[in-house]
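Enquirer: First, the structure itself, so that you have it in front of you.
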Amino acid sequence: MKLRFLGTGWSHGVPALGCDCPVCRGRQPKNMRTRSSVSLWDDQVSVVVDVGPDFRMQALAAALKRIDAVFITHQHADHVMGLDDVRRFSWMQGEALPIWSEASVLDRLAELYPYVTQKRKPGTAVPLLKFCDWQHAVPLGSMTFRSFPVPHGNIPCVGMRIDTLQGSIGYVPDCSGLPEQALSVLEGVDVMILNALRIEPHPSHLSLMQSLEWLEEVGAPQSYLTHMGCPIDYHVHNDSLPAGVEMAWDGLEIEV
Ligand SMILES: [Zn+2]
Ligand SMILES: [Zn+2]
Ligand SMILES: [Zn+2]
């Protein structure tokens with residue numbers, strides 16, 4: 001399977017509006033971060049995890065031609081505000097597009113987007129989404145998507161593990177720690193992708209140091225940092241990371 005980092009930024013994106021810090025002013029390509037999202041594909045299916053407000057431009061940059069399913073980790077705006085644009089794929093593909101998430105997140109999405117599940121008159125375009133309760137492992141093509149709860153402020157939020165016969169990826173774009181159950185689901189992953197918001201601690205996210213500690217605990221041979229804010233500078237911090245850990249950047253593609 002292949003994975004592309006569509007976006008690797010914190011909720012403000014980088015550069016952040018109105019910010020005068022060196023990273024925001026510098027506009028180095030590897031520091032330009034849209035809202036966090038990944039696409040995954042094998043030779044049969046194409047999947048996107050989270051669709052934030054940058055989704056349309058991310059899909060154009062990645063030349064995404066098809067989406068078979070969308071997974072949503074939680075209801076924060078930086079993970080769901082691109083859902084309207086996903087309907088373009090359902091329209092092209094001629095069928096309702098499955099959106100997998102936790103039940104309370106789906107309720108929130110139904111409030112935000114009441115029109116996306118309403119049937120139209122026969123013969124008119126049907127750009128519909130289909131909300132699917134993500135309780136069990138979801139197999140798609142050669143990949144299987146499993147979720148587990150992670151702490152992230154006071155709202156429900158999940159991380160995920162994606163498995164194929166060739167390898168596995170852990171993806172947790174937002175959390176403030178990895179509980180026992182998360183660690184046990186993530187056991188033995190080949191690639192781990194974890195959030196690192198900034199240098200200073202934050203109540204609902206991991207700092208860079210905390211993220212590195214959790215990555216050591218998970219022990220994947222290869223790890224990537226994502227959901228990073230402008231206090232983190234690729235050209236300052238990437239070289240100082242432990243062996244096997246790298247900062248992701250928008251457009252980076254990996255194969256597992
Ligand atoms: Zn976020
Ligand atoms: Zn900044
Ligand atoms: Zn969040």
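The values are calculated or read from the model by the stated rules, or taken from the named source; none is laboratory data. Here the structure is a predicted model, which is why all the values come from computation and not from measurement. Here the Cβ positions follow ideal geometry from the backbone for every residue, glycine too, while neighbour counts run over all protein chains shown. Each accessible area value is taken on the protein alone, full model and side chains, heavy atoms only, with ligands, DNA and RNA left out. Shrake-Rupley method; radii C 1.70, N 1.55, O 1.52, S 1.80 Å.
Enquirer: In this structure, is L178 open to solvent by less than 10 Å² (accessible area, probe 1.4 Å), more than 16 Å from ligand 2 (Cβ to nearest atom) and out of contact with any Pro (no Cβ under 6 Å at 6 or more places or on another chain)?
Expert: yes
Enquirer: For the list (1) buried (at least 16 other Cβ atoms within 10 Å of the Cβ); (2) in contact with a helix residue (DSSP H, G or I) (Cβ under 6 Å, 6 or more places away or on another chain); (3) farther than 27 Å from G13 by Cβ; (4) not aromatic (F, W, Y), I need the number of the one condition that V45 fails.
Expert: (2)
Enquirer: Any chance the range 10-22 includes a residue that's more than 16 Å from ligand 2 (Cβ to nearest atom) and either open to solvent by 10 Å² or more (accessible area, probe 1.4 Å) or not hydroxyl-bearing (S, T, Y) (or both)?
Expert: No: the range 10-22 contains no residue that is more than 16 Å from ligand 2 (Cβ to nearest atom) and either open to solvent by 10 Å² or more (accessible area, probe 1.4 Å) or not hydroxyl-bearing (S, T, Y) (or both).
Enquirer: Using beta carbons and a limit of 8 Å, which pairs, at least six apart or on different chains, have the first residue in the range 88-104 and within 17 Å of V138 (Cβ to Cβ) and touching a residue at least 12 places away in the same chain (Cβ under 8 Å) and the second one among the small types (G, A, S) and assigned to a helix (DSSP H, G or I)?
Expert: What qualifies is A96/S90; L97/S90.
Enquirer: Within the range 230-239, is there a residue that is open to solvent by 50 Å² or more (accessible area, probe 1.4 Å), part of a helix (DSSP H, G or I) and among the acidic types (D, E)?
Expert: yes
Enquirer: Another question about this same structure. Would you say A59 is open to solvent by 20 Å² or more (accessible area, probe 1.4 Å), in contact with a Leu (Cβ under 8 Å, 6 or more places away or on another chain) and of a type in the set (G, A, S)?
Expert: It is false that A59 is open to solvent by 20 Å² or more (accessible area, probe 1.4 Å), in contact with a Leu (Cβ under 8 Å, 6 or more places away or on another chain) and of a type in the set (G, A, S).
Enquirer: For the range 56-71, does any single residue satisfy the condition of being within 16 Å of ligand 3 (Cβ to nearest atom) and either part of a loop (DSSP other than H, G, I, E, B) or under 18 Å from the mean Cα position of the chain (by Cα) (or both)?
Expert: Yes - at least one qualifying residue is present in the range 56-71.
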